[in-house]
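Asker: What follows is a structure written as structure tokens; I'll ask about it next.
The values are calculated or read from the model by the stated rules, or taken from the named source; none is laboratory data. Not measured: the values here are computed from a predicted model. Methodologically, a virtual Cβ is constructed for each residue, glycine included, from the backbone with ideal geometry; neighbour enumeration extends over all protein chains shown. Please note that ligands, DNA and RNA were not included when accessible areas were found on the heavy atoms of the full protein model with its side chains. Shrake-Rupley method; radii C 1.70, N 1.55, O 1.52, S 1.80 Å.
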Amino acid sequence: MESDDPSSRSNSPPPQRRRICGNCDRPQAVCLCHVIPTTPITTNTRILIIHHPHEAQHKLNTARLLTKSVRHVATHLSRKLLHSHLTDQSPSATIYLFPPSPTTPAVTLSDLKQTLNNHDNVLLIAFDATWKHAKEMVKASQGVLESVGAIRACLDVDENLTGGSIYDDELVLRKEPFKGCVSTLEAVARVLGAIEDKGDDIERVLIGVLREMVRLQAGFLKPVKPRPKR
């Protein structure tokens, strides 16, 4: 039976919650304000991120860094793209990021700018999730993507090779399934680097934010062991 004597109770102070930066919304120990642009980057490309509910809780999610770093970014917590996620501003071209499949080819970055043919009002859609969930999201979104004539675009992908993302280069924090699969921030940065007028500068800044996040997290997270390829 528990004693009612206050002197018998533990005098240990309650555990303190981590201090969170009010600007970047990250714990103070891994604050990224020193690399996030003071004024969000303005791009001709508008970015729409469909944010899977499971991914929203992940410590290493990069979609939030994009919203802090780039001005024209909208996010929706959803398992698929809906017509309601698309704004009234009709883009001259819509592209979405996902590797090619046997039935749906994808335009590579090297050919993307020519494919867009100097469109200056592009909507870029990114599905932010694990690769398993991203496949499900893209499949569930096909009707909407086809209705707006969205072009599938991809980075250089090689399913026979592993690695190649910044997560792998700096420290194995999250394992990608094969070469060419990268984080949402890295993928968007590379697309902007390919199609924006000042793309090289934009890509450099965004990749710098991601590299710093990985560097800081490396001191606090246990690395993930590479998974054997089946």
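Asker: So if we plug the beta-carbon distance of residue 113 and residue 207 into 1/(1 + (r/R0)^6) with R0 = 30 Å, what FRET efficiency do we get, rounded to 0.05? Please report the intermediate quantities before stating the final value.
Answerer: Numbers: r = 19 Å, r/R0 = 0.63.
Efficiency for this residue pair is about 0.95.
Asker: Now a separate question. How far is it, in nm, from the label point at residue 18 to the one at residue 58 when both lie 7 Å from their Cα along the line to the Cβ?
Answerer: In this crude spin-label approximation the distance works out to 1.6 nm.
Asker: Quick one: grab the alpha carbon gyration tensor of the range 14-56, order the square roots of its eigenvalues as a ≥ b ≥ c, and give me rounded if a/c is under 1.5, else prolate or oblate depending on whether a/b is larger than b/c.
Answerer: Numbers: a/c = 4.23, a/b = 1.50, b/c = 2.83.
Oblate is the answer for the range 14-56, as a/c is 1.5 or above yet b/c matches or exceeds a/b.
Asker: Then there's this: Extension gain residue 28-residue 147, at 0.36 nm per residue separation less the Cα-Cα distance, in nm?
Answerer: Numbers: separation 119, 0.36 × 119 = 42.84 nm, distance 4.40 nm.
Taking residue 28 through residue 147 to full extension adds about 38.4 nm, to one decimal.
Asker: With a 1.4 Å probe and every protein chain kept in, tell me what percent of the accessible surface of the range 42-163 is carbon plus sulfur. Don't skip to the end; give the middle numbers.
Answerer: Numbers: 3120 of 6380 Å².
In the range 42-163, the share of accessible area belonging to carbon and sulfur is 49 percent.
Asker: Can I ask one more? In whole Hz, with x marking every Gly and Pro, tabulate ³J(HN,Hα) for the range 52-63 from phi via Karplus 6.51 cos²θ - 1.76 cosθ + 1.60, θ = phi - 60°.
Answerer: Couplings: 5, x, 5, 5, 4, 8, 6, 4, 9, 5, 9, 4 Hz.
Asker: Right, next: Check which residues have an amide H placed less than 5 Å from residue 70's amide H, if you skip close sequence neighbours.
Answerer: Residues meeting the criterion, in which the H sits 1.01 Å from N, are 41.
Asker: On average, how much accessible surface per residue is there in the range 86-150, in Å², for a 1.4 Å probe, leaving out ligands, DNA and RNA?
Answerer: Numbers: 3580 Å² over 65 residues.
The answer is 55 Å² per residue.
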